[in-house]
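What follows is a short report on a single structure.
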Amino acid sequence: MKKTVLFCILLILSICCGKKNNITNQNNKLQVYTTIYPLYFFSKEIGGEKASVVQIMPTGADPHGFEPSAKTVAKIINSNLFIFNGLGIEPWANGVISNFNKEKNHFVNASSFVEKIKKGNSFDPHIWLDLENAIKIAKGIKEAYIKTDSKNKEYYEKNCEKLVEKLKTLDEKFKKQLKTVKSKNIVTAHAAFGYLAKRYGLNQIPIAGIDSHSEPSAAHMVKLVKFIKENNIKVIFVEPATSKKLAKVIAKEANVETMVLNPLGTLTADEVKANKNYLSVMEENLQTLIKGLNK
Ligand SMILES: [Zn+2]
């Protein structure tokens, strides 16, 4: 009798553990969950055909203030690898990780690989708009893949190398081409470009704060219009997904034009349809900056 009970327990354990230890699902792919678009893109490039990568934040969504459903949280807990940005853009992520089994669930906090910018009491989360950071994050994601699925180490290393090569080329282009622009002042819809500005020698003047939901005060708006006029600024950079209302009001008041600079938290449906990706949008951002800052 005792032997039978013990056998049953062992059988249950072996089924449970066996299922958990088997790192791939029925498609024979790693299940990878990512929050914002850039992390999805890096994870997909590195994971290639070995991984099934899901972006949790929906297309066109404002990543600030997004909350996943209970069903999505359950899927993350059952995944092999969870990759998030950190720095307050996914305040719910810590709760998810606390439910992880340390032996079986792997996760990546992308912000752990980069030097952070502090804004008041919080950190600026927009680390992915600096290409040197993007390279560090890509390498961190590669290490997590290897830790999760070591038998395919070489495959992940090769894919990561290819991605890093492209990121490096773009980084050098940013450095070279932004050095010679006429104006270094970028007025942006929300404070998404702090890391980009710091890396490439620009000065960001944001309309709204690091959280795109925060509305600027009337006094801040008046100061902005004054700054734009005094510094002979010609362009206000707006975003494709979020409301352009405030920026347009200021542009009209200061008599300047608007151009689209993409903070890349998520891609819009149109951008996905047009096969745009992190690299092509960053290239577009560079061309927009050059055009806007040389006016
Ligand atoms: Zn933002």
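The values are calculated or read from the model by the stated rules, or taken from the named source; none is laboratory data. Keep in mind that what you see is a predicted model, and the values were worked out from it rather than measured. Virtual Cβ from ideal backbone geometry, glycine too; neighbours counted across all protein chains shown. These area figures cover heavy atoms from the full protein model, side chains too; ligands, DNA and RNA do not enter into them. Shrake-Rupley method; radii C 1.70, N 1.55, O 1.52, S 1.80 Å.
Projecting the Cα positions of 33, 65, 228 onto the charge dipole of the chain (unit charges on Cβ atoms of Lys, Arg, Asp and Glu, taken about the Cα centre) puts 33 furthest along the positive direction. Residue-wise HN-Hα couplings along region 182-187, as the Karplus relation 6.51 cos²θ - 1.76 cosθ + 1.60 with θ = phi - 60° gives them from phi, are 5, 10, 9, 8, 10, 8 Hz; Gly and Pro carry x. Between the amide H of residue 258 and those of 236, distances stay under 5 Å, these residues lying 5 or more places away or on another chain, with hydrogens modeled in the peptide plane. Between the amide H of residue 30 and those of 51, 52, distances stay under 5 Å, these residues lying 5 or more places away or on another chain, with hydrogens modeled in the peptide plane.
Out of the total accessible area of region 92-221 (probe 1.4 Å, heavy atoms of protein only), what percent is carbon and sulfur? Carbon plus sulfur share of accessible area: 50 percent.
Summarising the label geometry, the points placed 7 Å from Cα in the beta-carbon direction at residue 203 and residue 102 lie 4.9 nm from one another. Across region 54-65, computed HN-Hα scalar couplings (Karplus, 6.51 cos²θ - 1.76 cosθ + 1.60, θ = phi - 60°) run 10, 9, 6, 6, x, 3, x, 6, 7, x, 6, x Hz from first to last residue, x flagging Gly and Pro.
For residue 36, the residues whose modelled amide H falls within less than 5 Å of its own, excluding neighbours fewer than 5 places apart on the same chain, are 85. For the chain, the percent of C-alpha pairs falling in each 10 Å distance bin, counted from 0 to the bin holding the largest distance, reads 6, 26, 31, 20, 10, 4, 2, 1, 0. Projected label points at residue 183 and residue 270, each 7 Å from Cα along the beta carbon direction, are separated by 2.4 nanometres. Distance between the C-alpha centres of region 238-276 and region 72-120: 28 Å, rounded to the whole angstrom. Taking Lys and Arg as +1 and Asp and Glu as -1, the other residues whose beta-carbon sits under 12 Å from that of residue 247 total +1. Pairwise alpha-carbon distances in region 96-191 exceed 15 Å for 72% of all pairs.
In the context of the full set of protein chains, residues of the chain present 52 Å² of accessible surface per residue (probe radius 1.4 Å, heavy atoms only).
Give me Rg over Rh for region 161-295, both radii from the alpha carbons and Rh done the Kirkwood way, two decimal places. Numbers along the way, then the final one.
Values: Rg = 15.0 Å, Rh = 15.5 Å.
Taking Rh as the inverse mean 1/r over Cα pairs, Rg/Rh reads 0.97.
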